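Structure record follows, encoded as structure tokens.
Every number in this text was worked out from the coordinates using simple rules, so none of it is lab data. Bear in mind the structure is a predicted one, so any value in this text is a computation, not a measurement. No Cβ is skipped: glycine too gets one built from the backbone with ideal geometry, and neighbour counts run over all protein chains shown.
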Amino acid sequence: MKCLNEVSEKLNKFGGALSGIAILILGIIVTYEVIMRYIFRSPTIWVADISLLLCIGSVFFAVGYAMKQEAHIAVDLITGRLSYRNQVLFSVINLIFSAVYCSFLTWKGAEVAIVTLRAGEMSAFGFRFPMAIPRGFIPIGGILLLLELINQIVTGIFQFINIKEREEAKNETWLTKNLPPLVFLALLAIGGAMCLSKGLAPLGLTFLLFVLIFGGTPIAFALGLLGLVGFQYTLGGGPLLNHIPMVSFNILTDFIIVAIPLFIMVSSILSVGGVGRNLFELASKFVGHLPGGMGVATILACAVFAAISGSATTTVLAIGIIAIPAMISAGYERKVAYGTVAMGGVLGPLIPPSLFMILIGSITGDSVGKLFMAGMLPGIMLVCFFSIYIILYSMKNKSSMSKMNAAPWKERWGSLKKSFLGLLTPVIILGGIYTGIFTPTEAAAVGVTYGLFICIFIYRTLSLKKLWQVIFDTAKLNALILFLVAGAIVFGQVVALLKIPDTVCSFLASLPLSPMTILLLALIFILVLGALMDEASILLITYPILHQIFVKHFGFDSIWFAMVFVFTLEVGLVAPPVGINLFVVQGIDKTAKFEEIVKGVLPFVIIMIASILIVVYFKPLSTWLPKLIG
């Protein structure tokens with residue numbers, strides 16, 4: 001077992017390094033293409049091909065590393081409350097399910113790669129390499145992932161045996177000990193039987209989805225496994241099983257999707273490179289003298305960093321690690337400090353660029369530039385509302401939050417000078433997109449190159465050791481997100497073939513309710529899901545169906561609906577028990593109590609829900625700017 005663990009550790013760490021380096025190279029060569037096109041008037045003919053190779057490799061080389069780092073998203077709302085023995089047992093069961101999906105992905109991926117090699121299929125652009133190479137990355141990554149899954153399964157079985165031996169003296173019946181996994185397996189059997197019945201297959205897949213997710217199966221694997229079940233048992237299997245690797249391959253070769261690993265790397269570079277610290281210092285110098293000024297500075301710093309990274313988690317980490325100790329040492333109530341940082345993170349997916357909007361654009365084909373712009377005014381509105389609340393709270397409580405001295409203008413200008421290059425990052429990214437100079441993917445690549453340049457050569461905050469941290473952090477998060485996307489697309493194919501969206505649309509159309517009332521009910525459903533699951537999973541599972549219902553069936557504006565959906569989804573980032581920002585804040589300050597953080601975010605959540613209603617009923621707030629760009 002030790003030997004297996006060591007082999008998996010070394011191979012998957014090597015895979016993680018390859019993945020992060022691939023993303024780094026991807027950013028540099030796409031920037032090179034932009035330079036050659038605009039400065040030397042000599043566009044390349046090979047960058048698109050190499051980008052395809054690097055994007056596919058960056059996901060599958062690191063997916064085992066992400067599993068090794070326990071990064072894949074799972075819901076432990078129920079399993080986390082079981083006995084330790086049953087937690088280990090559920091973990092082993094779920095790892096076996098994950099290994100089944102991984103085995104089929106590897107097997108069918110290898111078949112597709114071999115068929116492609118025999119057919120002599122070449123890439124479409126100038127570099128002209130065999131398409132068997134990028135398709136071969138799928139089985140290679142599958143083998144690395146399967147190796148780690150087997151390692152964890154074996155480890156879990158030994159843990160379970162040891163626990164069983166220690167617990168033999170306890171006066172518990174066999175049924176009492178094993179009731180939770182027996183119920184889990186029984187529910188799976190019921191769902192499986194429903195899937196085998198043609199008329200009940202859509203209901204069975206939906207039932208199994210919730211059983212697997214709330215039974216603790218990592219969501220990417222649950223979605224992929226259900227896609228496998230749907231293709232094999234509901235739709236007849238056979239050649240359809242080749243859809244599993246091919247759907248994953250096709251979505252990851254979408255040039256819009258390539259922006260995701262690049263934006264992840266931008267945020268990691270600037271976070272590790274200390275740009276967040278500079279932004280917080282700048283905001284503090286300019287607004288720190290206001291009542292609650294340091295809290296307002298935190299919100300402003302989060303807004304600017306969100307405009308760089310597009311990531312909620314990275315925003316909370318980059319700003320919170322400086323802002324939380326600063327606010328507490330300045331006399332802020334702990335709950336206010338925690339709540340302010342946690343809520344500042346929700347600005348990440350709202351203020352452009354937004355990883356969620358990139359995902360939506362890849363699902364629906366909507367302009368990512370317009371989706372970005374839809375979040376600008378609602379995001380600014382939320383910054384204003386949060387800041388006003390902090391100021392009013394400070395004035396009402398007359399605490400030391402309002403007693404900071406105004407910084408001299410010399411210090412303000414010095415801080416601005418220090419932060420100026422970091423502040424240019426969102427200007428370059430968004431300015432390049434909206435002037436038509438860059439596509440979103442090219443803008444992200446330029447952001448990577450620019451971030452490396454200022455952090456290595458100007459600020460000198462990014463050492464070789466820290467660069468390796470950036471490489472591994474990016475590889476892990478990229479594999480987590482895009483492997484989840486691949487699993488969701490596989491599942492979505494089954495959902496579409498079973499015509500589940502059409503059935504739901506017909507049902508909703510028959511209800512004696514207005515489309516707006518149905519929308520509000522759907523948003524309440526999203527709010528509830530947001531408290532139970534992570535937001536990326538909710539988006540990938542529900543958005544294709546909801547888009548079909550509200551945009552294609554009811555005729556709502558696609559850009560407006562995307563903004564309403566993402567705005568609602570963001571409440572889940574701070575909604576207990578699963579709100580990820582709450583745990584990120586707790587990770588920053590180990591002394592923070594979960595109850596303190598929840599109390600701190602509740603007033604902000606109320607503000608956010610009120611803001612959602614404003615966005616819903618005042619449509620120009622999210623549609624005016626997108627219309628300006630055509």
Size of the dipole of the stretch 286-411 about the Cα centre, Lys and Arg at +1 and Asp and Glu at -1 on the beta carbon, nothing else charged, in debye to 20? 360 debye
To the nearest 20 debye, the chain has a Cα-centred charge dipole, built from +1 on Lys and Arg Cβ and -1 on Asp and Glu Cβ, of 1120 debye
Difference of contour (0.36 nm per residue) and Cα-Cα distance, residue 388 to residue 122: 89.9 nm
Here, residue 397 and residue 133, labelled 7 Å along Cα→Cβ, have an inter-label distance in nm of 5.9 nm
Over 19 Å between Cα atoms: which of 370/627; 2/108; 370/619; 285/410; 499/552; 2/476 fall into that group? 2/108; 2/476
Once the piece of chain linking residue 614 and residue 504 is laid out straight, how much longer is it, given 0.36 nm per residue of separation minus the C-alpha distance between them? 36.9 nm
Using r as the Cβ-Cβ distance of residue 595 and residue 525, and R0 as 30 Å, what FRET efficiency do you calculate, to the nearest 0.05? 0.65
What is the magnitude of the charge dipole of the stretch 412-493 about its Cα centre, with +1 placed on the Cβ of each Lys and Arg, -1 on the Cβ of each Asp and Glu, and no other charges, expressed in debye to the nearest 20? 480 debye
At 4 °C and 1.567 mPa s, what whole-number value in µm²/s does Stokes-Einstein give for the translational diffusion of the chain, with Rh from the Kirkwood sum over Cα pairs? 51 µm²/s
Picking from 57, 598, 326, whose Cα lies most toward the positive end of the charge dipole for the chain (charges on Cβ: Lys, Arg +1; Asp, Glu -1)? 326
Part-to-part distance (alpha-carbon centres) for the stretch 259-333 and the stretch 547-626, which is given in Å: 19 Å
How long is the gain from residue 254 to residue 423 if the chain were fully straight, where each residue apart is worth 0.36 nm and the alpha carbon distance is subtracted? 57.9 nm
Among the stretch 608-624, those whose backbone N falls under 11 Å of a label point 7 Å along Cα→Cβ from residue 517 are none
Result row for the chain, helices from DSSP H with C-alpha axial extent 27 Å or more and mean Kyte hydropathy at least -0.5, is 2-38, 84-119, 132-166, 174-196, 376-397, 409-434, 464-497, 594-617
The long-range amide H neighbours of residue 122, using H built 1.01 Å from N in the peptide plane and a cut-off of under 5 Å, are 131
Farthest towards the positive end of the dipole of the stretch 399-528, among 483, 459, 431 and with Cβ unit charges of +1 on Lys and Arg and -1 on Asp and Glu, lies the Cα of 459
Would you work out which of 264, 19, 405 lies farthest towards the positive end of the dipole of the chain, given +1 charges on the beta-carbon of Lys and Arg and -1 on that of Asp and Glu, about the Cα centre? 405
From the helices alone, meaning DSSP H stretches of at least four residues, give me the mean residue ellipticity at 222 nm for the chain, per-run term -39500 (n - 2.57), in deg cm²/dmol to the nearest 500. -25000 deg cm²/dmol
